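The values are calculated or read from the model by the stated rules, or taken from the named source; none is laboratory data. Remember, it's a predicted structure, so these values are computed and weren't measured experimentally. Glycine gets a Cβ as well: all are built from the backbone with ideal geometry, and neighbour counts include every protein chain shown. The protein model used for the area step is the full one, side chains on, heavy atoms only, and it has no ligands, DNA or RNA in it. Shrake-Rupley method; radii C 1.70, N 1.55, O 1.52, S 1.80 Å.
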Amino acid sequence: MRQRVSSGSPYEPTIGFSRAVRDGRHVVVAGTCAVMPDGQEPPRDAYGQAKRCLEIIVAALAEAGAEPEHVVRTRAYLLDARDWEAVGRAHGAVVARVHGEILRDIRPASSFIVVQGFLDPRWLVEIEADAILGG
């Protein structure tokens, strides 16, 4: 049985995609940028944007019945290779609703890839994640 999760991104209905899809034990979270509530401006720095991306990802995982510890792979796409440390810092210590380190101890397989641009020129980073539920 397939479950689709929406995050309310304005791009979802236009492009025709889901923020996340759960199929059995597998949860795949689409590329996620720092889309802000109510159309607010995204953070101007890579750390702030990566943190926002991961907050959206964690919420999508939860809606699909997964937890951050189920994440087995992440991919971060960077506009500027010099931002790798800031994005890595957010990746390792993103804060959920409670102050707890999420991905640092889980240590999923990860890739950091430099790209030429994103749909919104304000974006500096895009992150996607794959999770496998126990069972």
Can you work out the Karplus-derived ³J(HN,Hα) for every residue in the stretch 72-78? Use 6.51 cos²θ - 1.76 cosθ + 1.60 with θ = phi - 60°, whole Hz, and x for glycine or proline.
10, 7, 10, 9, 10, 9, 10
Taking every DSSP beta bridge that has both residues in the chain, what percent is antiparallel when rounded to the nearest 5?
80 percent
How compact is the chain by the rule of thumb for globular proteins, expressed as Cα Rg over 2.2 N^0.38 Å?
0.98
In whole percent, the fraction of accessible protein surface over the chain that belongs to carbon or sulfur atoms, probe radius 1.4 Å, stands at 51 percent
Scoring the chain by relative contact order with C-alpha pairs under 8 Å, at least six apart, yields a percentage of 32 percent
Output ordering of 79-87, 35-43, 61-69 (per-residue mean of other Cβ within 10 Å, highest first) is 61-69, 79-87, 35-43
Please compute the contact order of the stretch 1-41 in relative form: average sequence separation of alpha-carbon pairs under 8 Å and at least six residues apart, divided by the residue count, as a percent.
33 percent
